[in-house]
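Structure first, then comments.
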Amino acid sequence: MAVLMTIEGTVGQGILVRDALCANYKYQAQISNPDYDPSDPGSEDLIDNPETSTDFAKRMITKFLKDNVRKYRADQADAARVQALEDADIESTGINTN
């Protein structure tokens with residue numbers, strides 16, 4: 001697959017972007033343990049998130065891009081629908097029943 005764009009900046013800027021995305025999209029360093037057993041004293045109710053903060057930030061960027069493509073296409077379809085309705089109104093002008 002071809003590279004469409006890259007994001008450039010310093011390491012510090014990259015960390016800032018990652019941290020901002022994680023904060024804004026509510027990344028959790030620890031998550032609920034699906035195998036938690038309250039009757040087992042050795043069982044932990046929280047575990048380290050298997051998704052790193054960097055992978056989470058990349059996923060949020062991808063989600064942002066895809067959500068914008070979806071909205072763009074939906075807006076195009078809405079505009080086409082409105083135009084089709086207007087066209088139908090014009091085309092049906094003069095149709096009457098007696």
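What is the sum of charges, Lys and Arg at +1 and Asp and Glu at -1, for the other residues whose Cβ falls under 14 Å from the Cβ of G9? The partial results should precede the final answer.
Numbers: positive: R18; negative: E8, D19.
With Lys, Arg at +1 and Asp, Glu at -1, the neighbours total -1.
Tell me, S43, S53, S92 in order of fewest to most beta-carbon neighbours within 10 Å?
So the residues, fewest neighbours to most, are S92, S43, S53.
Using the basic label-point model (7 angstrom from Cα toward the beta carbon), what is the A74 to E91 distance in nanometres?
2.7
Lys/Arg Cβ at +1, Asp/Glu Cβ at -1, dipole of the chain taken about the Cα centre: which of A20, Y36, M1 is farthest positive-ward?
M1
Rounding to the nearest 10 and keeping the result within 0 to 90°, find how far the Cα-based axis of helix 53-91 lies from the longest principal axis of the chain.
10
Based on DSSP H runs of at least 4 residues, each adding -39500 (n - 2.57), what is the mean residue ellipticity at 222 nm of the chain after dividing by all its residues, to the nearest 500 deg cm²/dmol?
About -19500 deg cm²/dmol.
Would you mind checking the tilt of helix 11-24 against the longest principal axis of the Cα atoms of the chain, expressed as 0 to 90 degrees and rounded to 10?
The answer is roughly 70 degrees.
The numbers here are math on the coordinates, done by the rules we state, and not lab data. Note that the structure is a prediction, hence the values are computed from the model and not measured. Note that each Cβ is placed from the backbone with ideal geometry, even for glycine, and that neighbours are counted across all protein chains shown.
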